[in-house]
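Single-structure report; data block below.
The values are calculated or read from the model by the stated rules, or taken from the named source; none is laboratory data. Please read these numbers as outputs of a predicted model, since none were measured by experiment. Cβ atoms come from the backbone with ideal geometry, glycine included; neighbour counts cover every protein chain shown.
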Amino acid sequence: MLQNIIAGLDLVMQWSNLLTVLVGVSVGMVMGAIPGLTGTMAIALLVPFSIYLNPVAGIAGLVGLSKGANFGGSIPAILFNLPGTPQAMVTTFDGYPLAKQGKAGKALRMALYASTIGDTLSDFVLFFLAAPVAALALKIGPPEYTAIILFSLMIIAVAGTERVVEGLIAVGFGLLFAIVGTDPVTGTPRFTFGSLDLSSGLSLVPTMVGLLIVSEALIQIERMKRGAEKKPESKEKENNGVSLESRISYNDHRVSWAEFKQCFPWIMSGVGIGSAIGSLPGIGATIASYLSYANAKRRSKHPELFGKGALEGVAAAEAANNACQGPNLIPLITLGIPGNVAAALLLGAFMIKGLLPGPLFMQQNAPMLYALFTVLILSNIVTFLFGSVFIRLARYSMAVPELVLYPGIMIFGSIGSYVFRNNIFDVFAMVFFGVFGYILIKCKIPLAPVIVAFILGKMFEERLRQALAISGGNISIFFTHPISLGFILLTIVSVVFLMKRKMN
């Protein structure tokens, strides 16, 4: 093991790899600080360009992007009451009231401390649990894989949506797109409409760029055209005349040792909640931050201060949503099953590099795995250092004109889709999925289940066919294997439980 750790360190400690971490964190932090641009969008936008980097540099850059964006989302949440990322929503509850009191610097610094601690400790959870889970995964065959993927898809469909039907429709679309191409067994074309470009299936990059980037850009362009929302600058004189300059006051920006000790228990409880939630596919960091915040408020000696500017509320929310990141990679690395969209995009990046996460990944690519662990910890250090500087420049994070930002993103996405295979068809595919994603958003159908189902669809079909081939077409194989039966029952129980909670 020590030899593999040293080999992993050697892979990372090259100037090109270190540079991609620095660039990834800084770009991610900026994009996370701009409302409407998330870490997931940043990864989707830059995955096609990672093909020109070596595997370690490519993965390092994407990990840095994710880490930086996760913290960056807390900046507009605290300063403007506009969460830069969905999981930063809970941070607004106390972060913005603190900003109105002229304590934005203090709130941002506590968010940075909690984010770094939560992220780092959760990465060690990944480090220690990956090997045991991978050893268990070696005993898993096609029936078990089929049941696990089914469980993941159903949880993502139900937990990530307001209405179950919409989530199931989204998963259905993702599976439909996954089977486009040539049947791997019979060689029969499926939904190719006579196009040679579709015979090999839909390409991952234009699909996810279209669904994530172009659709969101279209929504924002439409919003700008209609003038449906106020610009962030218009909020500068709200809240009893409190100006932006006074909110970003650094006269009270230090977090004292007494304040840190007061927040530390909620940081640690947030790490526990975030790590537990993060290891479950489809639940998400947003739910983890809500649970952590509710737990801190319930157990606090001064619950009446929550929602009015409690530093503990910021600490609990940020620790939990960042603590989801490490454990969320456990099913990805050990089973090849992503727990959320960001992990799904990372899986796509692994596949582009010729690396296939799964039970044998730790044996076949041990140095690469420990290089990933190193990159995770290194990204946390860089995020802390850059974040300490970036929070002083936070007032400029929203200075990019929207009329330049979103059209520029679409152009950048088009270039990325084209350079991936140097095929103009991929650009048309990106446009199609952008319009399709726009329609889904208008119909209130979530995009995350579509993307995850698209990426898992081929694996699901492959494992399902293997299981049926072993049993001679008898579906009883899924009920005679204990692990597959357990996951089928777990799927039913989880779906029923989540549906009841939504109904209530």
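For the reader, a short list of remarks on this structure follows.
- Test: residue in region 352-362 that is of a type in the set (F, W, Y) and at pLDDT 80 or above: no
- Region 188-215 residues that are farther than 13 Å from Y438 by Cα, paired with ones that are modelled with pLDDT of 85 or more and of a type in the set (D, E) (beta carbon under 8 Å, 6 or more apart): S203/D426; V205/D426; P206/D426
- Qualifying residue in region 71-81 (condition: under 19 Å from the mean Cα position of the chain (by Cα), modelled with pLDDT of 90 or more and among the aromatic types (F, W, Y)): no
- Residue among F306, F390 that alone is touching an Asp or Glu at 6+ places or on another chain (Cβ under 7 Å), under 30 Å from L79 (Cβ atoms), surrounded by 20 or more Cβ atoms within 10 Å (Cβ to Cβ) and touching a residue at least 60 places away in the same chain (Cβ under 8 Å): F306
- Restricting S269, S300, S292, S256 to residues that are surrounded by 24 or more Cβ atoms within 10 Å (Cβ to Cβ), over 22 Å from A170 (Cβ atoms) and at pLDDT 80 or above narrows the list to S292.
- All conditions but one from (1) at pLDDT 80 or above; (2) in contact with an Asp or Glu (Cβ under 9 Å, 6 or more places away or on another chain) apply to V375; the one that does not is (2).
- Test result for I34, under 25 Å from N422 (Cα atoms) and touching a residue at least 24 places away in the same chain (Cβ under 8 Å): no
- Residue satisfying condition, being more than 27 Å from the chain's Cα centre (by Cα), within 24 Å of A44 (Cβ to Cβ) and modelled with pLDDT under 85, within set N423, N504: N423
- Subset tally (residues that are crowded, with 16+ Cβ neighbours inside 10 Å and over 15 Å from I43 (Cα atoms)) for region 409-420: 1
- Qualifying positions in region 409-463 - closer than 20 Å to F173 by Cβ, of a type in the set (V, I, T) and either in a helix (DSSP H, G or I) or in contact with a Cys (Cβ under 6 Å, 6 or more places away or on another chain) (or both): V431, V435, I439, I441, V450, I451, V452, I455
- Put simply, of L355, L345, L332 the only residue that is free of Cβ contacts under 8 Å to residues at least 60 places away in the same chain and under 23 Å from L53 (Cα atoms) is L332.
- Hits in region 431-463 - residues which are modelled with pLDDT of 90 or more and within 21 Å of T182 (Cα to Cα): F432, F433
- Members of region 345-366 found to be of a type in the set (G, A, S), in contact with a Leu (Cβ under 8 Å, 6 or more places away or on another chain) and either closer than 20 Å to S115 by Cα or not in a loop (DSSP other than H, G, I, E, B) (or both), listed by number: G348, A349
- Residue list for region 464-476, filter: surrounded by fewer than 21 Cβ atoms within 10 Å (Cβ to Cβ), in a helix (DSSP H, G or I) and among the small types (G, A, S): A469, S471
- Test: residue in region 156-168 that is modelled with pLDDT under 80, within 26 Å of N321 (Cβ to Cβ), in a loop (DSSP other than H, G, I, E, B) and polar (S, T, N, Q): yes
- From K230, K225, residue being surrounded by fewer than 16 Cβ atoms within 10 Å (Cβ to Cβ), over 18 Å from N70 (Cα atoms), among the charged types (D, E, K, R) and at pLDDT below 75: K230
- Residue, nearest to T40 (Cα to Cα), within region 170-215, restricted to residues that are of a type in the set (D, E, K, R) and modelled with pLDDT under 85: D197
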